[in-house]
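Working notes, beginning with the structure itself.
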Amino acid sequence: MKRLAAALAALVLSAAVPDYVTQAIASKDRPADDVARDTDRHVLALLVFSGARPGDRIADFVPGGGYFTRLFSNLAGPKGHVFAVIPAELGKTPKMVLPTEAIVKQPEFANVTEEVEPVDDTGARALASGQLDLVWTSDNYHDLYGFFGAQHAAAADAAIFRALKPGGVFVVVDHVALAGASDTAPKTLHRIDPETVKAQVLAAGFVLDGTTDVLANPADAHTLKVFDPAVKGHTDQFAFRFRKPGK
C-alpha cells in the first residue's frame with residue numbers, strides 16, 4: 001500500500017509540474033555536484049511547492065553554496081531577478097561570499113545579485129521593500145534563531161514581511177528538533193522545533209499557506225547533530241509556505 005501511495009503521489013506531482021520548473025532543473029549550466037544532490041533534496045517537489053514563476057523577484061536568504069540560487073535564477077529567467085542575501089553579521093567570510101561571488105560573475109546567471117545586509121533588515125535595505133514575490137531559506141532558520149537570537153529571528157521575519165508584495169510567499173525549510181527543544185537544539189544539533197518557526201513567522205503577520213512532508217524522515221530520532229554520518233543528508237525536515245495577506 002505504501003508503494004502504491006508513493007507511486008500515485010509521484011504521478012500527481014509529475015502531472016502538476018510546470019515546464020519552467022523541469023527546464024530550470026535540467027539546465028546545462030548547473031554544476032554536476034548540484035545535479036547529484038537533486039534526488040536527496042527533492043528539488044522538483046520543493047520548487048513546485050515554492051510557487052516560483054518566471055519573472056519573479058526572489059530572495060535566497062543565506063544562499064550557502066548557491067544550490068537554490070542557481071535554480072531560482074534559471075526559473076525566474078531574464079525578466080525576473082534573484083537576490084542572494086547574506087546577513088552582514090556573518091561577515092564577508094570566504095565561506096559565505098565566494099560561492100555567490102562566483103555565481104554573479106557567470107553570464108548564465110546575469111539575473112543574480114549579492115546583497116549583504118543586517119539580518120534585521122533582510123529584504124528591506126538593499127532590496128526594494130514590498131517588491132519581492134518569494135523569500136526562500138533552506139536549513140538556516142535554526143542558525144538565525146539559535147546564534148543571532150530569537151528576537152533577531154522575529155525581526156528578520158518582520159523585515160521579510162515588509163519586503164514581500166501582498167500575496168508574496170516566504171518558504172522555510174529546516175531540520176526538525178524535538179518538541180520544545182528550540183532553546184538548545186539550534187546551537188547543539190542545528191535543528192529547530194517546527195512549532196517555534198511557525199509561531200514566530202505567524203506573529204510577523206503571515207498566514208500558513210501550505211506544508212509538505214516530502215523531506216520527512218520518520219527514522220530520524222531528532223537527537224543527532226545534522227552533520228552526524230548516521231543522518232547527514234537524510235534528516236527529518238519540515239517545509240512551510242507562508243503567505244503575506246493581500247493580492
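The values are calculated or read from the model by the stated rules, or taken from the named source; none is laboratory data. From a predicted model like this one, the values you see are computed outputs, not experimental measurements. As a convention, Cβ positions derive from the backbone with ideal geometry for all residues, glycine included, and neighbour counts pool all protein chains shown.
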Failed item in (1) farther than 25 Å from F240 by Cβ; (2) out of contact with any Phe, Trp or Tyr (no Cβ under 9 Å at 6 or more places or on another chain), with D40 passing the rest: (1)
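Each row is one residue, and each column tells you yes or no for (1) modelled with pLDDT of 95 or more; (2) of a type in the set (D, E, K, R); (3) not in a helix (DSSP H, G or I).
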site	(1), (2), (3)
F147	no, no, no
V171	yes, no, yes
D209	yes, yes, yes
V214	yes, no, yes
Tally, over the stretch 149-169, of residues that are part of a helix (DSSP H, G or I) and basic (K, R): 1
The stretch 214-247 - residue that is touching a residue at least 12 places away in the same chain (Cβ under 8 Å) and of a type in the set (D, E) and, of those, surrounded by the fewest Cβ atoms within 10 Å (Cβ to Cβ): D220
The listed residue being within 23 Å of G168 (Cβ to Cβ), surrounded by 14 or more Cβ atoms within 10 Å (Cβ to Cβ), among the aromatic types (F, W, Y) and modelled with pLDDT of 95 or more, out of F68, F83, F61: F68
From the options Y145, Y141, residue that is buried (at least 24 other Cβ atoms within 10 Å of the Cβ), more than 22 Å from P218 (Cβ to Cβ), in contact (Cβ under 8 Å) with a residue 40 or more places away in the chain and among the aromatic types (F, W, Y): Y145
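Residue-wise test of (1) at pLDDT below 95; (2) of a type outside the set (S, T, N, Q); (3) farther than 28 Å from F147 by Cα.
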| site | (1), (2), (3) |
| --- | --- |
| R37 | yes, yes, no |
| L46 | no, yes, no |
| G51 | no, yes, yes |
| V97 | yes, yes, no |
Breaking point among (1) modelled with pLDDT of 95 or more; (2) over 18 Å from P194 (Cα atoms); (3) crowded, with 19+ Cβ neighbours inside 10 Å, for G167: (3)
Unique match (being out of contact with any strand residue (DSSP E or B) (no Cβ under 6 Å at 6 or more places or on another chain) and touching a residue at least 24 places away in the same chain (Cβ under 8 Å)) among D60, D38, D34: D34
Cβ-Cβ under 9 Å pairs, at least 6 apart or on other chains, the stretch 117-138 side on the phi > 0 side of the Ramachandran plot and among the basic types (K, R), far side at pLDDT below 65 and not in a loop (DSSP other than H, G, I, E, B): none
